[in-house]
Amino acid sequence: MTVDEKLADLRTALNRYNYCYHVLDSPEITDSAYDELMNELLALEKLHPDKFSEDSPSSRVGGSPLSKFEKIVHKIPMLSLDKCSTEQQLKAWSSRIEGRLISKSKVSYVCEPKIDGVAISLIYKEGVLSQAATRGNGAEGEGILANAKTIRSVPLHLIGTGFPRELEVRGEVYINQNDFKIYNEKLLEQNLEPLLNPRNAAAGSLRQLDASVTLKRPLKMFCYSMGWSSGEWSPSTHYQVLESFRSWGLPVNPWVERVLDLEEMLTYLHRLEIARDQLGYDIDGAVAKVNELGAQEKLGTLTRRPRWAIAYKYAAQEAETVLLDVEFQVGRTGAITPVAKLEPVFVGGVTVSNATLHNMDEVERLGLFKGAEVILRRAGDVIPQILKVVNPRLESQQKIIERPRVCPSCRTPIKLSIDNVVMRCEAPANDCSAKLKEMLKHFSSRLAFNLEGLGEKIIELLIASRLVSEPADFFNLTKSALEGLPGFGEKSAQNLLEEIEKKKKIDLHRFIYALGIREVGEATSKSLAKSFCDLENLRKANLELLNAVDDVGPIVADQIHSYFSDPMNILMLRNLLSSGVIISSLTEDPGKSDLLRGESWVITGTLQGFSRDSAKKILESFGATVVSNVSGKTTCVLVGEAPGSKYKKAQELGVSVITEDELLRRLDV
Ligand code: IVH
């Protein structure tokens, strides 16, 4: 093989693997195999500098920093979008469109997510990426080719056939919520200031003079329109443009859909809004565009925005509000976390009045004080977070938030972790009611004893009335004691006692989880149960044995060991066992996937937590067969809201029915 052939082979292979990984989301080789090929290419290119190629995958890694950006005049201005936020406004827009188009042929539309990132323009000449620019003021932007090349979903050259000689592709560069979180965590670990939000981070990343900085940012791109093209290619609809893009290896959002009329547009908007939290990236709404390019041209453009497109905005994911106070909450292990109490504000579709602050470092880094005007963010299913303070602190009036010295609940002096970050109350649980409450909540939670009907309020009541000061006390409650409590009658007392009685027999892994040992979550509890088979073996295990368990490292082993070395815990365990709790020791893993083996299931009604399809997949993954009609052979019917005739039939035939919640509990998923 000649050097030219070898270079071409390596470049083609690397471009292809890159495309599979970053555009199709289905990697074909491992990261290390990719790196190996890349190293081979770099070595060969170093030996043959004359064989340099603009679109070699090796050019993704930067180059020397620029001193300033080159100005780029956009051949066609990069426009903004008209906005609306109500269905009426959207309806008015589509009526205006349809009224303006005199031709009888009906227009259709394309709906897309409005990605909350930063606009980019890419020019491909003969299929090779040869220019990239920011939007700038719409008329003139900055040349950022080296930065654009670091974005792995941006193809360095187009694949397939039929692309025009020259093509300007426009799209949005963004960062996934999770990638952003990981990136910020890394910055914090290095004591660097975290980036504000994914959009700011994306915008800032594109405008780096040194592309090796951009390279480190987890940027991605979705292409959403064509700027212009020259040469053979004449699509007649916007949808065709995007389909061609896709076929040439350009990343196009999977939520792009064709719709016929306003009604379908509204359905799309609602579906997208529901899915918004699960997308994994920020969107601030949807964009509706007239699909036919001829109609777009007829409709034309006002100064800065086209008549043929409109952005429909959803509730903002960031909002300004006021920090009223910071409270310190004690967790079940005694860890004390600052929680921001906020003036309630509508953000990301819900009203938020609390935000966790993680630790005091975060409070200090943000410079929080009572009365601070803060920017709050709630995006995806991430917990609300304060991004920054926007007003300056007036020294005389506003006090900064200080570290508490004692536990807010029991006043025991707080212990700090070695790095001074985690604050902890080390009082025993029966001396600290906040800690006790959290511990009992954990003990009775779904994955532990699953004591239904024992909510937070009842636990508080049981602690306050001194009926419960340790888990064993749940099992010694009496009807007469409960009946004396506010809100309890004969029936409710009876129900609670029956529920507690029913849950006395428990699997070993649930029992271990219920103890609330630090660092021991559900998965670790299962590994421990599997390895030690009974509680006594676990209690006696030394560090070496603990360390040998799957999933258990030295820190976890240490926590388990010190838990069982504490005489208070041993006493608590002894009381628990003498109160009638029976642990069914797990000798072998029952293997979840066989739980519903041989059973025949039917699904009816609208499910809340998941789609029919995913419910079916879950049931099948546990070994059940899912069929469409209820018969005498049906094992069970899963019912959602507004179930139809299948539910009635199940009742007639005496087939068991189960709700979504009950199913999740039963499968323990
Ligand atoms: S179309 C003339 N489609 O929103 C049409 N824009 O407010 C121009 N954006 O600068 C844009 N997602 O950066 C279009 N699916 C999408 C979009 C989108 C995000 C951004 C774009 C533009 C801004 C306009």
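The values are calculated or read from the model by the stated rules, or taken from the named source; none is laboratory data. Nothing here was measured: the structure is a model prediction, and the numbers come from that model. Quick reminder, even Gly has a Cβ in these numbers, built from the backbone with ideal geometry, and neighbours come from all protein chains shown.
Here is a yes/no grid of residues against (1) more than 30 Å from residue 406 (Cβ to Cβ); (2) crowded, with 21+ Cβ neighbours inside 10 Å:
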position	(1), (2)
286	yes, yes
299	yes, no
308	yes, yes
337	no, no
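Applying the selection to region 317-345, what residues are of a type in the set (Ser, Thr, Tyr) and closer than 26 Å to residue 420 by Cβ?
333, 337
Restricting the search to region 533-552, which residues are surrounded by 15 or more Cβ atoms within 10 Å (Cβ to Cβ) and part of a helix (DSSP H, G or I)?
535, 538, 539, 545, 546, 547, listed by residue number.
Run residue 127 past the list (1) surrounded by fewer than 19 Cβ atoms within 10 Å (Cβ to Cβ); (2) on the phi > 0 side of the Ramachandran plot and report the number of the one that doesn't hold.
If we test residue 127 against (1) surrounded by fewer than 19 Cβ atoms within 10 Å (Cβ to Cβ); (2) on the phi > 0 side of the Ramachandran plot, just (1) comes out false.
Sort out which residues of region 66-81 are at pLDDT 95 or above, more than 13 Å from the ligand (Cβ to nearest atom) and surrounded by 15 or more Cβ atoms within 10 Å (Cβ to Cβ), and write them in order of number.
Scanning region 66-81 gives a single hit, 72.
So that you can scan it fast, the table gives a plain yes or no per residue for (1) of a type in the set (Ser, Thr, Tyr); (2) at pLDDT below 90:
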position	(1), (2)
8	no, no
24	no, yes
86	yes, no
91	no, no
95	yes, no
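Hey, can you tell me all the residues within region 148-171 that are closer than 23 Å to residue 80 by Cα and crowded, with 23+ Cβ neighbours inside 10 Å?
Across region 148-171, the qualifying residues are 148, 154, 167, 169, 171.
Right, residue 37: touching a residue at least 40 places away in the same chain (Cβ under 8 Å) and within 36 Å of the chain's Cα centre (by Cα) or not?
no
For region 130-147, what are the residues that are aliphatic (A, V, I, L, M) and crowded, with 23+ Cβ neighbours inside 10 Å?
Listed by number, the residues that qualify are 132, 133, 144, 146.
Go through (1) closer than 27 Å to residue 378 by Cβ; (2) in contact with a Ser or Thr (Cβ under 8 Å, 6 or more places away or on another chain) for residue 307 and report which single condition fails.
Condition not satisfied by residue 307: (1).
Considering only region 82-133, give the strands (runs of 3 or more DSSP E) lying wholly within it that have at least 2 residues that are within 30 Å of residue 158 (Cα to Cα) and within 16 Å of the ligand (Cβ to nearest atom).
It comes to 109-115, 118-125.
Among the candidates 555, 583, single out the residue that is in contact (Cβ under 8 Å) with a residue 12 or more places away in the chain, closer than 17 Å to residue 516 by Cβ and part of a helix (DSSP H, G or I).
Just one listed residue meets the conditions, 555.
Evaluate the following for residue 256: is it within 16 Å of the ligand (Cβ to nearest atom), in contact with a Cys (Cβ under 6 Å, 6 or more places away or on another chain), among the β-branched types (Val, Ile, Thr) and modelled with pLDDT of 95 or more?
No; evaluated as a whole, the condition is false for this residue.
Identify all residues within region 188-240 that are in a strand (DSSP E or B) and touching a Pro at 6+ places or on another chain (Cβ under 7 Å); write none if there are none.
Hits for region 188-240 are 221, 222, 223, 229, 230.
Consider residue 444 carefully, then state whether it is under 29 Å from the mean Cα position of the chain (by Cα) and in contact (Cβ under 8 Å) with a residue 12 or more places away in the chain.
For residue 444, the condition - under 29 Å from the mean Cα position of the chain (by Cα) and in contact (Cβ under 8 Å) with a residue 12 or more places away in the chain - is met.
Checking the condition modelled with pLDDT under 85 and over 26 Å from residue 501 (Cα atoms), which residue from 632, 605 passes?
Result: 632 is the single residue among 632, 605 that is modelled with pLDDT under 85 and over 26 Å from residue 501 (Cα atoms).
Among the numbered criteria (1) of a type outside the set (Val, Ile, Thr); (2) surrounded by fewer than 16 Cβ atoms within 10 Å (Cβ to Cβ); (3) not in a loop (DSSP other than H, G, I, E, B), which single criterion is violated by residue 280?
Of everything listed in (1) of a type outside the set (Val, Ile, Thr); (2) surrounded by fewer than 16 Cβ atoms within 10 Å (Cβ to Cβ); (3) not in a loop (DSSP other than H, G, I, E, B), residue 280 misses just condition (3).
With out of contact with any strand residue (DSSP E or B) (no Cβ under 6 Å at 6 or more places or on another chain), surrounded by 13 or more Cβ atoms within 10 Å (Cβ to Cβ) and in a loop (DSSP other than H, G, I, E, B) as the only criterion, which of 623, 609, 632 stands out?
Within the list 623, 609, 632, the selection yields 623.
The rows are residues; the columns are (1) within 16 Å of the ligand (Cβ to nearest atom); (2) within 18 Å of residue 246 (Cα to Cα); (3) assigned to a loop (DSSP other than H, G, I, E, B); (4) among the acidic types (Asp, Glu).
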| position | (1), (2), (3), (4) |
| --- | --- |
| 136 | yes, no, yes, no |
| 148 | yes, no, no, no |
| 160 | no, yes, yes, no |
| 186 | no, no, no, no |
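Within 14 Å of the ligand (Cβ to nearest atom) and out of contact with any Leu (no Cβ under 9 Å at 6 or more places or on another chain) - does that describe any residue in region 223-235?
no
Which residue is nearest to residue 559 (Cα to Cα), if the candidates are limited to region 476-512 and must be in contact with a strand residue (DSSP E or B) (Cβ under 8 Å, 6 or more places away or on another chain) and charged (D, E, K, R)?
507
Would you mind finding the one in 58, 32 that is under 36 Å from the mean Cα position of the chain (by Cα), away from the ligand (no atom under 16 Å from the Cβ), assigned to a helix (DSSP H, G or I) and surrounded by 14 or more Cβ atoms within 10 Å (Cβ to Cβ)?
None of the others qualify; the one that does is 58.
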